[in-house]
1. Quick check: residue separation of R70 and E55 times 0.36 nm, minus the Cα distance between them. What number comes out in nm?
2. Any of K108/K133; K57/K133; K57/K266; K108/K224; K236/K266; K224/K260 with alpha carbons more than 20 Å apart? Name them for me.
3. Ratio of the chain's C-alpha Rg to 2.2 N^0.38 Å, to two decimals?
4. Stokes-Einstein D for segment 132-273 at 37 °C, 0.692 mPa s, Kirkwood Rh over Cα pairs, in µm²/s?
5. Let me know the charge dipole size of the chain about its Cα centre in debye, to the nearest 20, where only the beta-carbon of Lys, Arg (+1) and Asp, Glu (-1) is charged.
6. Over segment 71-163, consider all pairs of different Cα atoms and compute the Kirkwood hydrodynamic radius from their mean reciprocal separation; express it in Å, one decimal.
7. Note the angle between two axes, namely the Cα long axis of helix 231-241 and the longest principal axis of the Cα atoms of the chain, as a number of degrees from 0 to 90, rounded to the nearest 10.
8. By counting other Cβ atoms within 10 Å of each Cβ, how are L229, L268 ranked from fewest to most?
Amino acid sequence: MCGIAGVIHRDGPSDLGTEITRMLQSMKHRGPDSTGYALYGPPDDLIIVRFMLAEPKEYGGFGVEERLERNRAEVESRLAKIGADVATIDSATGYAFRATIRYEGELKPLADYLEDIPGCEVLSLGNSLEIVKDLGDAESVEAQYGLSEVRGTHGIGHVRMATESDVDLASAHPYWAYPFADVAVVHNGQLTNYHQWRRRLERSGHRFQSECDSEIIAVYLAEKLELGLTLETAMKDSLDDFDGVFTYLVATDNELGIAKDEMAAKPLVLFESDNLVAMASEEMAIRALVGREVVTRDPFEREVLTWQV
């Protein structure tokens with residue numbers, strides 16, 4: 001079933017981590033297996049790298065802590081070899097890490113080089129985006145990663161109910177548009193021409209971290225943006241190119257958008273005020289955010305909407 005949510009503030013940063021947690025926790029019934037956030041703060045001069053070195057279920061097993069320490073040292077070594085200067089590197093969990101680096105090269109060689117380390121997966125790269133995801137509900141993930149301290153302008157989130165794949169962090173949403181900076185997607189639904197588009201994007205030189213169709217949407221849109229299209233145009237193109245039943249949210253460093261397929265069967269409600277735009281699979285999530293009854297609307301079939309910070 002799954003649930004998605006998004007928030008964008010047009011008057012500056014807010015307590016974004018707490019806000020999206022409230023929305024996602026209210027929809028825990030739609031996805032108790034994992035929770036994920038794509039959070040956007042004001043652009044940083046440094047590149048922010050979110051990566052993991054082991055699945056949560058592996059952590060604490062025999063020999064895993066030693067391997068994690070060894071692989072963390074290898075990450076720092078490889079960052080230095082590729083010309084990145086590490087400013088900070090921290091971990092809230094022991095298996096998921098946040099680093100800030102000074103780096104002027106292309107992101108793809110950097111991400112590929114890190115992912116050559118056994119067990120290493122780069123969750124996000126950018127000057128604004130940070131993807132945080134883990135097993136459990138929103139309140140437990142917020143507490144584990146200290147997200148109540150995170151301020152930002154906009155973000156998207158996802159609660160997942162595992163149906164066709166494992167309950168693990170690799171299958172959790174959101175997905176970063178590897179290797180494009182600051183683009184992330186969450187979605188509810190299914191692309192029926194997923195394999196066709198995956199093969200097409202792979203022939204263009206892209207690689208994928210998962211079997212999830214949300215990742216296909218993210219890379220598709222990011223490639224269009226790289227070619228100079230606006231986010232709105234790229235999203236409208238996606239409605240012609242993707243088959244299936246789906247509603248998705250996409251975020252970039254300064255924009256947030258929603259799109260519904262021509263059947264509009266996957267739910268999404270929208271609330272908009274002078275300074276705040278919020279959207280979610282259920283109205284209760286928006287009430288959890290603003291703390292009162294609200295008037296919402298359902299986007300129409302094939303409707304694409306975007307907002308800028």
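Each reported figure results from applying straightforward, stated rules to the coordinates on display, with no laboratory input. Nothing here was measured: the structure is a model prediction, and the numbers come from that model. Here the Cβ positions follow ideal geometry from the backbone for every residue, glycine too, while neighbour counts run over all protein chains shown.
1. So the chain would gain 3.8 nm between R70 and E55.
2. Table pairs above 20 Å Cα-Cα are K108/K133; K57/K266.
3. Rounded to two decimals, the normalised Rg is 0.94.
4. Here the translational diffusion coefficient equals 206 µm²/s.
5. 140 debye
6. 14.9 Å
7. Roughly 80 degrees, rounded to the nearest 10.
8. L229, L268
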